[in-house]
Amino acid sequence: MAMLYVTQGPATGQKFSLEGHQLVMIGRDASCTLQIIDPKLSRCHMQIKHAIDEKRHYAIDFESKNGVFVNGAKIAAPTALNDRDVITIADTTFVYTIEESPFAEHVLESAKRYGQGHVHTRTS
């Protein structure tokens, strides 16, 4: 099961499971699957798409104002994610991990040391 761990920004210490989601919209708007209250985020900033046939996830910039960065490089096209990739949008940083990753829980514990934030998820 793939996860996003918030390691920096307003939601630091939170985690979000990508299981069961074919498309996750991330932004500050309440309609987003993963809402993060970061004033530098676009209302609908980015998407994480699950390509079921390829068994992988892709990061997609949703025409955001400030861009999406994967491992420090600004993306212009859908970008395949690998275990431990760092995704940065505005002041928020995520680490993408896969279930088999021994790194996953370490990421969350490290992030919690820097404080808790808030993350809202839409359930419907």
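The values are calculated or read from the model by the stated rules, or taken from the named source; none is laboratory data. What you are looking at is a predicted structure, and each value in this text was computed from that prediction instead of being measured. Calculation scope for accessible area: heavy atoms of the full protein, side chains included, ligands and nucleic acids excluded. Shrake-Rupley method; radii C 1.70, N 1.55, O 1.52, S 1.80 Å.
Put simply, the amide H of residue 85, placed in the peptide plane, has neighbours under 5 Å in 96, leaving out anything fewer than 5 places away on its chain. Ranking 62, 16 from most to least accessible surface, computed with a 1.4 Å probe over the protein chains only, gives 62, 16. With all protein chains kept in place, the per residue accessible area of the stretch 1-92 amounts to 50 square angstrom at a probe of 1.4 angstrom.
Largest to smallest in accessible area, the residues 58, 5 fall in the order 58, 5 (1.4 Å probe, all protein chains included). By definition, a body whose alpha carbon gyration tensor gives a ≥ b ≥ c is oblate when a/c is 1.5 or more and a/b is not larger than b/c, and the stretch 1-43 fits this oblate description.
Normalising the average separation of contacting C-alpha pairs (under 8 angstrom, six or more residues apart) by the number of residues puts the relative contact order of the stretch 1-86 at 18 percent. Note: relative contact order over the stretch 21-66, using C-alpha pairs below 8 Å and six or more positions apart, is 34 percent.
Ranking 84, 28 by solvent-accessible area of protein heavy atoms (1.4 Å probe, all protein chains present), from largest to smallest, gives 84, 28.
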